[in-house]
Amino acid sequence: MTTNIKRIGVMTSGGDAPGMNACIRAVVRTAAFHQIECYGIMRGYQGMIENEIIKLESKDVANIIQRGGTILKTSRSEMFMTKEGRQIAADNLKNFGIDGLVVIGGDGSFRGAQVFYDEHKIPGIGIPGTIDKDLAGTDFTIGYDTAINTVVQAIDKIRDTADSHNRMFFVEVMGRDAGFIALSSGISVGAEAVLIPETKTYIDELIANIESGYKRKKLCHIIVVAEGDEEGGAVQIAEKVKAKFNHIETRVSVLGHMQRGGSPSCNDRLLASRLGHAAVDALIDGKLNYMVGIINDKIAFTPLAKANKQQPQINEELLRLVEVLSA
Ligand code: F6P
């Protein structure tokens, strides 16, 4: 089936992620290629409600592929969660003649797109854009690769200090309820331990491992803590551990929003370009209300309603790597 879509809207929603601009560029240019008009909706669903909608042409997305953040800006809209808010948003889109949406964001943004379709019949295609990589239906999300590289660079620098002062560092990384950022970056920086929400954290075991490390003349330790760990963030976990190691200087570093910024990596630019292109093709082909993702390096579609937070699917092999290689 092919649709008669003539005018589409593109928006970024939820937390920004590096590569969103590359994706916007791909959407706008693919639309132009097919003679479909493209409009940018500013500040996600909030801009849709406040009628902040601008025409985007090919030239408007020149020189943005390398930029972090999102030129369309983003937000988490409370108002869109109300029926009244969605009604105003739908009226605005209809005034512009927008008959299809490309929503770049996370599962909350996709839920919004599905409800919007159910109520107003304006179809959407979701594109996974979040550093957390916590969505079902895709192996990667836009922004994840850049974020883990940012984390690796930051922790490499922290290790210089840890090594010079023989210190123990607890480094907290983002990921909301997921440990993907912590696990990948932790392995890549040679962390002594990685604590993630998907596996139970045993503080006694951690203490025993650190002790055994010191006995083997390991003089500095880097413990990577996912912000969603059930034992708390890096500050709380450091408190629980450091009392046992009075003779060792301990520091905490919370990396924070630097993980969301910066120029996207090559992998993120490539992923964003492929997904942006596939999303517009899908709208044209009448594949409506799906998230477009990547599985085994191939474009894959998942109904929006199923593109929700990924169940704990941490790779056991990676967990084992931390255990073996940190010895
Ligand atoms: O979802 C991306 C993310 O950066 C999470 O890793 C983090 O928990 C959250 O957003 C932070 O949100 P905010 O920018 O609203 O503080």
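Some points to look at:
- Of the residues making up segment 209-250, those that are surrounded by 15 or more Cβ atoms within 10 Å (Cβ to Cβ), of a type in the set (Gly, Ala, Ser) and in a loop (DSSP other than H, G, I, E, B) are 228, 232, 233.
Conditions tested, residue by residue: (1) surrounded by fewer than 23 Cβ atoms within 10 Å (Cβ to Cβ); (2) within 16 Å of residue 126 (Cα to Cα); (3) over 21 Å from the mean Cα position of the chain (by Cα).
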residue: 9; (1), (2), (3): no, yes, yes
residue: 28; (1), (2), (3): no, yes, yes
residue: 44; (1), (2), (3): no, yes, no
residue: 51; (1), (2), (3): yes, no, yes
residue: 71; (1), (2), (3): yes, no, no
residue: 74; (1), (2), (3): no, yes, no
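- Selection status of residue 190, within 24 Å of the chain's Cα centre (by Cα), away from the ligand (no atom under 16 Å from the Cβ) and either open to solvent by 30 Å² or more (accessible area, probe 1.4 Å) or outside the structural domain of residue 131 (by TED's automatic domain parsing) (or both): yes
- Looking across segment 16-54 at every residue that is more than 21 Å from residue 66 (Cβ to Cβ) and of a type in the set (D, E, K, R), the one that is farthest from the ligand (Cβ to nearest atom) is identified as 37.
- Only one entry of 136, 113 meets the criterion of being among the small types (Gly, Ala, Ser), away from the ligand (no atom under 15 Å from the Cβ), assigned by TED's automatic domain parsing to the domain that holds residue 21 and surrounded by fewer than 24 Cβ atoms within 10 Å (Cβ to Cβ), and that entry is 136.
- Residue 150 vs. criteria of a type outside the set (D, E, K, R) and not in a helix (DSSP H, G or I): no
- Segment 165-178, subset away from the ligand (no atom under 11 Å from the Cβ) and in a loop (DSSP other than H, G, I, E, B), residue least open to solvent (accessible area, probe 1.4 Å): 167
The values are calculated or read from the model by the stated rules, or taken from the named source; none is laboratory data. Please read these numbers as outputs of a predicted model, since none were measured by experiment. Every residue, glycine as well, gets a Cβ built from its backbone with ideal geometry; the counts of neighbours run over all protein chains shown. Areas reflect the complete protein model, heavy atoms only, side chains present, ligands, DNA and RNA absent. Shrake-Rupley method; radii C 1.70, N 1.55, O 1.52, S 1.80 Å.
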